[in-house]
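Working notes for the structure below.
The values are calculated or read from the model by the stated rules, or taken from the named source; none is laboratory data. What you see is a predicted model, and the numbers here were worked out from it, not measured in a lab. In this analysis, Cβ positions are derived from the backbone assuming ideal geometry, glycine residues included, and neighbour counts consider all displayed protein chains. Surface accessibility is based on the protein's heavy atoms, side chains included, excluding ligands, DNA and RNA. Shrake-Rupley method; radii C 1.70, N 1.55, O 1.52, S 1.80 Å.
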Amino acid sequence: MELNGVKETPVLIVGAGPCGLALACDLARRGVPALVVEQAPSLFPGSRGKGIQPRTREVFDDLGVGGTVREHGGPAPVGMTWKDGERQGAYDLFRRAAPTEAEPYGEPWMMPQWRTQEILLARLREMGGDVRFSVALTGLSQDADGVTARLTTGEVRASYLVAADGGRSTVRRALGITMEGETVDPSPTLVADVRIAGTALDRDDWHIFLGEAGMLTLCPLPGTPDFQLVAQFKEGAPDTTPEGVRAVVAARTHLGEDDVTEVRWSSDFRPRAALAGRFRDGRVLLAGDAAHIHSPAGGQGLNTSVQDAYNLGWKLGQVLLHGAPAALLETYEQERRPVAAEMLGLSTRIHRGEQERGTAAQQLGLGYREGPLASGRAGLLQAGDRAPDGPAGEAGRLFDVFRGPHFTLLAAGTDARLPAHDGALLRTFRTEAGGAYGKGLFLVRPDGYIGWAGEDTTGLAEYARPLGLDLDFA
């Protein structure tokens, strides 16, 4: 749509990384058109964020890409240490658990970031959306009614702008929002995607080489013939050329330079932990790396970014389409900034060897109990908790019932009267077996968290109205 020569869109998303693409997918399934622009000519080409935590797998399942993620990824390999060309012993880098009724994914899933982005972009295109590449934001201004963004292709007017443009966010800098944090490790780190000749190195283990020059690891990337190389340096900038990558592999492992047959991507970075001073400025919202920068240890960066998108998508949808007040968007920062701060602390401790990659890294225990949208408790759960999975009779699983952009009012082990509903915004479901819920009523938000809980519907209508959800008990 254009008005006086200026293109208009409900939501402008700057950045087509995992966060921006996940948000675009979530908005598309709600019927909210979003313009996604990316200054690069194509999707990010590297493996960087390769670990997908169990909670993010649940999100991807809800967005309709769970099966594709399962097909193209694989479980994290076991770590194998080496010394002088000899294997020293294996150990597991992650907590693994068998799937349960409440938690269907028990371990992290490995898949290179470029593949994750390809899958999300394909899903977005299935729903009629797309990304405009080679389009950069050069400036912005906003007023009470919207944001005017100056792009290299012209001006765009949006009701809301979401900055998903990474740790060096142009949008964040234009707003003057500062990052608060620290250097996690002053040592430079080389990351590269490489291919190894023949059987020179097996793909069953995550290979770890320790030495005086620094640690080097080679992790096989499921669904590809590649390994992700990570090499720490005590000083000096790593040589990211193919020759430099081959040289460091030969110097620190039993492999020769010729064993590295291809260097597909390489990067030099210094691990940092930083948090934006605020996640919202008027009609502009920060998400993903634009709002928080993580050490790669523990696999929290990409996952926290996708969770940002999942939290923000339904709130934008309710405000733009269903009459929820704009104040609902204030809850995005109120809920997500404390979580991002917690995950930053976790990834920093894991990087420094102060904490293992345990249950906390899976993000299944994160919630919003102290947040502004949590009200009540019932059975075994409290508002703000993640809504567990479980059997749902002929409907399959509870996650099958929840899947989609709607709210779900779950009646577990109770015959309490339920409101009438139109099926688009609210689905009601009764189950006799309370399972992980116990007995009670639970209003499950579109992002899979319990917003309201109670033994009967007292107070439910009043709670739901500011969310753009009018419940009819007639």
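Quick one: divide the alpha-carbon radius of gyration of region 1-151 by 2.2 N^0.38 Å and tell me what you get.
1.34
For region 93-158, state which trypsin sites (Lys or Arg not before Pro) are in a DSSP loop and have at most 14 other beta carbons lying within 10 Å of their beta carbon.
Sparse-neighbourhood loop trypsin sites (Lys or Arg not before Pro): ARG96.
Rolling a 1.4 angstrom probe over the protein chains, ignoring ligands and nucleic acids, what is the accessible area of THR138 in square angstrom, nearest 10?
THR138 exposes around 100 Å² with every protein chain in place.
Under a point-charge model restricted to the Cβ atoms of Lys and Arg (+1) and Asp and Glu (-1), what is the dipole moment magnitude of region 237-322 relative to its Cα centre, in debye to the nearest 20?
Here region 237-322 has a charge dipole of around 700 debye.
Which value, in debye to the nearest 20, describes the size of the charge dipole of the chain about its Cα centre when Lys and Arg Cβ atoms bear +1, Asp and Glu Cβ atoms bear -1, and nothing else is charged?
500 debye
So how tilted is helix 301-321 from the main axis of the chain? Cα-based, degrees 0 to 90, rounded to 10.
30 degrees
With the crude spin-label approximation of a point 7 Å out along Cα→Cβ, what separation in nm comes out for ARG270 versus ARG96?
3.7 nm
Just by accessible area at a 1.4 angstrom probe, what is the order of LEU460, LEU35 from largest to smallest?
Sorted descending by solvent-accessible area, the residues read LEU35, LEU460.
For region 387-474, run through the trypsin sites (Lys or Arg not before Pro) and keep only the ones in DSSP coil with at most 12 other Cβ atoms within 10 Å of their Cβ.
Answer by residue number: ARG417.
Using only the alpha-carbon atoms of the chain, report the extent along each of the three principal axes, biggest first, to the nearest angstrom.
76, 58, 37
Just the accessible area per residue of the chain, please: how many Å² with a 1.4 Å probe?
With the other protein chains kept in place, the chain gives 40 Å² per residue.
Taking 8 Å as the Cα distance limit and 6 or more residues as the minimum spacing, I'd like the relative contact order of the chain as a percentage.
Relative contact order, the chain: 16 percent.
Please arrange ASP26, ASP239, ASP400 by accessible surface area, largest first, computed with a 1.4 Å probe and ligands excluded.
Listed by decreasing accessible area, they come as ASP239, ASP400, ASP26.
Quickly estimate the mean residue ellipticity at 222 nm for the chain, helices only: each DSSP H run with n ≥ 4 gives -39500 (n - 2.57), and the total goes over all residues, rounded to 500.
Roughly -7000 deg cm²/dmol at 222 nm, from the helical runs in the chain.
Just to verify a number: FRET efficiency for ALA247 and ARG430, C-beta to C-beta distance, R0 = 60 Å, to 0.05?
0.40
Could you look at the chain and say what percent of its accessible area is carbon and sulfur, using a 1.4 Å probe and all protein chains?
C and S fraction of accessible area: 47 percent.
Over the heavy atoms of HIS322, what accessible area does a 1.4 Å probe trace out, to the nearest 10 Å²?
Accessible area of HIS322: about 70 Å².
Based on Cα positions only, what radius of gyration and what Dmax would you give for region 158-214, in angstroms?
Both quantities, over Cα of region 158-214: 19.8, 55 Å.
Could you list the trypsin sites (Lys or Arg not before Pro) in region 180-244 that lie in coil according to DSSP, counting only those with at most 13 other Cβ atoms within 10 Å of their Cβ?
For trypsin sites (Lys or Arg not before Pro) across region 180-244 that sit outside H, G, I, E and B with at most 13 neighbouring Cβ atoms in 10 Å, the list reads LYS234.
Report the label-to-label distance for VAL78 and ALA341 in nanometres (one decimal), using points 7 Å from each Cα along the Cα→Cβ vector.
So the two model labels end up 4.1 nm from each other.
Go ahead and run the numbers for FRET between THR178 and ALA122, Cβ-Cβ distance against an R0 of 35 Å, rounding to 0.05.
Taking R0 as 35 Å, the efficiency between THR178 and ALA122 is 0.45.
Roughly speaking, what is the stretch gain from ASP130 to ASP204, that is 0.36 nm per residue apart minus the C-alpha to C-alpha distance, in nm to one decimal?
23.0 nm
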